[in-house]
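S.K.: Okay, handing you the structure first.
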Amino acid sequence: MKKFRTTLVIFAVMILVAHLYFIDFSDLTWSGNAGGYLGIVAMLFVILSVIFSNRYDKQQQTKQ
């Protein structure tokens with residue numbers, strides 16, 4: 001399971017970088033970059049959830 005989570009984080013980081021690349025930095029309004037902003041936030045949430053999931057599993061293993 002840890003290998004899958006690591007792969008998921010790497011994939012999410014790649015998508016995050018792609019969204020950052022396609023943002024129009026000359027016009028940072030919501031109407032011009034809504035998809036990019038939502039993609040960035042979504043990938044950040046995916047990365048955070050995997051990190052917290054790994055921490056939770058590690059705590060559960062040390063309890064046993």
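The values are calculated or read from the model by the stated rules, or taken from the named source; none is laboratory data. On a predicted model such as this, the values are computed, not experimentally measured, just so you know. Protein only, heavy atoms only, side chains kept; ligands, DNA and RNA dropped before computing areas. Shrake-Rupley method; radii C 1.70, N 1.55, O 1.52, S 1.80 Å.
S.K.: With θ set to phi - 60°, apply the Karplus curve 6.51 cos²θ - 1.76 cosθ + 1.60 along segment 35-45 and write out the HN-Hα couplings as whole Hz, x wherever there is a Gly or Pro.
M.R.: x, x, 5, 5, x, 5, 5, 4, 5, 5, 5
S.K.: Leaving out ligands, DNA and RNA, and with a 1.4 Å probe, what % of the accessible surface on the chain is carbon or sulfur?
M.R.: On the chain, the fraction of accessible area on carbon and sulfur atoms equals 70 percent.
S.K.: Something else now. Given contacts defined as C-alpha pairs under 8 Å and at least six residues apart, what's the relative contact order of the chain, whole-number percent?
M.R.: Answer for the chain is 40 percent.
S.K.: From the Cα gyration tensor of segment 2-64, with a ≥ b ≥ c the square roots of its eigenvalues, which class applies: rounded if a/c is under 1.5, or else prolate if a/b is larger than b/c, or else oblate?
M.R.: It comes out prolate by the Cα gyration axes.
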